[in-house]
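The values are calculated or read from the model by the stated rules, or taken from the named source; none is laboratory data. Model, not experiment: these values are computed from the prediction. Cβ placement follows ideal geometry from the backbone for every residue including glycine, while neighbour counts extend to all protein chains displayed.
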Amino acid sequence: MTNARSTTIEICKEDIHFSAAHFTIFSATERENLHGHNFFVEASAVGPVGPDGLCFDYNELKKRLRALCDSLDEVTLLPDESPHLNIEADDGFVYARFADERLTFLNRDVKRLPIANITVEALAAWMLGEITSDGGFRDLPIDTLTLRVSSGPGQWASAIWHQERQRAD
């Protein structure tokens, strides 16, 4: 019988981050003012250690995290699934209607996300889904992936994914 070991690989690199503007929506009539954060992203992957002493090629996960952060960098994030925000695009502009307000943005300055609110908890869950839905990711020998998003020092949210694998007897 083989003695199986697993390990946790933590990816916490200074360049895995993005700067974005947003506002959190609290109700149909209350929201934050538009502001920005330097969001940092970390990942912890748990998987088996192979006979070569490696769990997986860390560069594969770092590459996916960096690409996702790059896609969110230097834009205003808007939640497409908010029940309190109506988003329309026309003639190179994006219009976000909230209560009695109409916020106008250049199309190139906006990234619309399929989430209900732009919060660290919603971003963590969405980013985790983006990473784990990649077919190449599923080929990596990772059993559990925890993705953390921070909007500032000491303020993090985590989302966790588990992969069920068939065990060979």
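Just wondering, is there one or more residues in the stretch 55-68 that are under 26 Å from PHE40 (Cα atoms), in contact with a Ser or Thr (Cβ under 9 Å, 6 or more places away or on another chain), modelled with pLDDT under 95 and among the hydrophobic types (A, V, I, L, M, F, W, C)? Outline the logic, then answer.
Residues of the stretch 55-68 under 26 Å from PHE40 (Cα atoms): 55-68.
Within this subset, residues satisfying the condition of being in contact with a Ser or Thr (Cβ under 9 Å, 6 or more places away or on another chain) are 55.
When the remaining residues are screened for being modelled with pLDDT under 95, the result is 55.
Within this subset, residues satisfying the condition of being among the hydrophobic types (A, V, I, L, M, F, W, C) are 55.
Yes, the stretch 55-68 has at least one match.
Condition check ((1) in contact with a Pro (Cβ under 7 Å, 6 or more places away or on another chain); (2) within 16 Å of ALA43 (Cα to Cα)) across all residues:
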{"site": "GLU88", "(1), (2)": "no, no"}
{"site": "PHE93", "(1), (2)": "no, no"}
{"site": "PHE98", "(1), (2)": "no, no"}
{"site": "ASN107", "(1), (2)": "no, no"}
{"site": "PRO114", "(1), (2)": "no, no"}
{"site": "ILE118", "(1), (2)": "yes, no"}
{"site": "LEU145", "(1), (2)": "no, yes"}
{"site": "TRP161", "(1), (2)": "no, yes"}
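Would you kindly identify the strands (runs of 3 or more DSSP E) lying entirely within the stretch 1-76 that contain at least 2 residues that are in contact (Cβ under 8 Å) with a residue 60 or more places away in the chain, within 13 Å of LEU145 (Cβ to Cβ) and of a type in the set (Val, Ile, Thr)? Walk me through it before giving the result.
On the way: elements: 6-11, 17-22, 35-48.
Because the criterion is at least 2 residues that are in contact (Cβ under 8 Å) with a residue 60 or more places away in the chain, within 13 Å of LEU145 (Cβ to Cβ) and of a type in the set (Val, Ile, Thr), the strands (runs of 3 or more DSSP E) in the stretch 1-76 that meet it are 35-48.
Quick check on my filter: what residues within the stretch 90-108 are loosely packed, with under 13 Cβ neighbours inside 10 Å and farther than 18 Å from ASN33 by Cβ?
Answer for the stretch 90-108, where residues must be loosely packed, with under 13 Cβ neighbours inside 10 Å and farther than 18 Å from ASN33 by Cβ: ASP90, ASP91, GLY92, LEU106, ASN107, ARG108.
Only residues that are in a strand (DSSP E or B) and polar (S, T, N, Q): list them for the stretch 105-148, please.
If the condition is that a residue be in a strand (DSSP E or B) and polar (S, T, N, Q), then THR144, THR146 are the ones that fit.
What residue, of ALA96, ALA89, is in contact with a helix residue (DSSP H, G or I) (Cβ under 8 Å, 6 or more places away or on another chain), without any contact (Cβ under 8 Å) to a residue 40 or more places away in the chain and part of a strand (DSSP E or B)?
Just one listed residue meets the conditions, ALA89.
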